[in-house]
Amino acid sequence: MVPYVIRRSGRSRRISVTLDCQNRALLTLPKRATLKAANEFLGECGDWLVDQLAKGAKTRSLLEYLRDKPFLTLNGKKNFVSFAFTNRCPYCEYNIKTSKVLLRYDPHTVNELRIREALKKFSKPFITQRLQTLCELKSIDPPQRVTVRDQSSRWGSCSVSKGISLNWRLILLPIQLHDYVILHELAHLKEMNHSNSFWGLLLSYDRRSHKLDQKLDEAGREIISLGQSAA
Ligand SMILES: [Zn+2]
């Protein structure tokens with residue numbers, strides 16, 4: 001069973017189907033096509049439609065995600081997110097005393113990329129600071145450089161020149177996973193591979209590393225895809 005909407009168009013010559021923004025099948029019929037023909041056509045598209053709907057269901061917008069899970073990891077703590085209006089570009093306000101983040105945006109002109117830019121900009125000082133704190137806590141020599149970027153498929157990377165680059169979406173991860181990614185990249189400063197000595201070092205920073213690596217793989221999949229569509 002697939003929810004669908006039928007539209008008649010004088011310009012179309014054959015029956016076609018697309019997905020609309022609410023993830024419903026939008027069936028376009030030429031003026032004279034019968035509903036029976038439309039139903040048969042929809043039946044033939046079955047597999048394709050189910051695939052498309054499954055894909056669509058996974059790609060929530062950043063705002064939808066945050067409204068559902070209104071938390072950001074900042075300074076090694078969980079912070080509650082609420083929402084408010086602005087008629088300017090979206091931005092975040094942070095109340096350090098209450099650990100609350102206010103994300104301001106204009107619902108009339110809201111745009112996924114602008115929300116992403118606001119969160120990315122907001123995340124930078126917190127992620128950089130957390131890396132420094134972890135270096136102090138674990139007595140690790142800090143990297144030459146830390147950059148926070150919008151990688152599409154990686155949580156972080158470490159270069160031969162001892163620079164660490166981290167994905168801004170770390171603030172969307174729970175605290176344990178947030179810190180795990182940072183410690184993982186810090187371990188790469190000394191071991192540029194995933195050898196036994198790398199894991200030995202990483203486990204000395206956090207004994208739960210194997211488990212967290214697996215958790216990141218599962219829990220991180222949806223989060224890393226957030227904010228990547230231009231919708
Ligand atoms: Zn690695």
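Computed from the coordinates by the stated procedures, all read-outs in this text should not be read as laboratory data. It should be emphasised that the depicted structure is a prediction, and the values quoted were computed from it without experimental measurement. Virtual Cβ from ideal backbone geometry, glycine too; neighbours counted across all protein chains shown.
Here is how the numbers come out for the structure above:
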{"quantity": "Residue within the range 208-218 that is of a type outside the set (S, T, N, Q), closer than 21 Å to K120 by Cα and assigned to a strand (DSSP E or B) present", "calculated": "no"}
{"quantity": "Enumeration of residues in the range 191-207 that are within 15 Å of the ligand (Cβ to nearest atom) and assigned to a helix (DSSP H, G or I)", "calculated": "N196, S197, F198, W199, G200, L201, L202, L203, Y205"}
{"quantity": "Yes/no for G220 being more than 14 Å from the ligand (Cβ to nearest atom) and out of contact with any Ser or Thr (no Cβ under 6 Å at 6 or more places or on another chain)", "calculated": "no"}
{"quantity": "Complete set of residues in the range 86-130 that are under 11 Å from L74 (Cα atoms) and out of contact with any Leu (no Cβ under 6 Å at 6 or more places or on another chain)", "calculated": "Y94, I96, S99, K100, F122, S123, K124, P125, T128, Q129, R130"}
{"quantity": "Leading residue by the ranking (nearest to the chain's Cα centre (by Cα)) among those in the range 179-190 that are more than 9 Å from the ligand (Cβ to nearest atom) and not aromatic (F, W, Y)", "calculated": "V181"}
{"quantity": "Unique residue being surrounded by 15 or more Cβ atoms within 10 Å (Cβ to Cβ), closer than 16 Å to S165 by Cβ, of a type outside the set (V, I, T) and touching a residue at least 24 places away in the same chain (Cβ under 8 Å) when the list is R130, R114", "calculated": "R130"}
{"quantity": "Near pairs, Cβ below 7 angstrom, 6+ apart or cross-chain, from the range 178-192 (in contact (Cβ under 8 Å) with a residue 12 or more places away in the chain) to any residue that is of a type in the set (D, E) and away from the ligand (no atom under 11 Å from the Cβ)", "calculated": "Y180/D206; L183/D206"}
{"quantity": "Top-ranked residue in the range 163-178 [being of a type outside the set (A, V, I, L, M) and surrounded by fewer than 23 Cβ atoms within 10 Å (Cβ to Cβ); ranked as nearest to the ligand (Cβ to nearest atom)]", "calculated": "S165"}
{"quantity": "Residue satisfying all of: in the range 120-178; over 22 Å from E93 (Cα atoms) and in a helix (DSSP H, G or I); nearest to the chain's Cα centre (by Cα) among these", "calculated": "L177"}
{"quantity": "Scan of the range 41-58 for residues that are over 12 Å from I223 (Cβ atoms) and not aliphatic (A, V, I, L, M), ordered by number", "calculated": "F41, G43, E44, C45, G46, D47, W48, D51, Q52, K55, G56"}
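Each row is one residue, and each column tells you yes or no for (1) touching a residue at least 12 places away in the same chain (Cβ under 8 Å); (2) closer than 30 Å to K124 by Cα; (3) touching a Leu at 6+ places or on another chain (Cβ under 8 Å).
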| position | (1), (2), (3) |
| --- | --- |
| L27 | yes, no, yes |
| K31 | yes, no, no |
| A38 | yes, no, yes |
| A54 | no, no, no |
| E64 | no, yes, no |
| T73 | yes, yes, yes |
| F83 | yes, yes, yes |
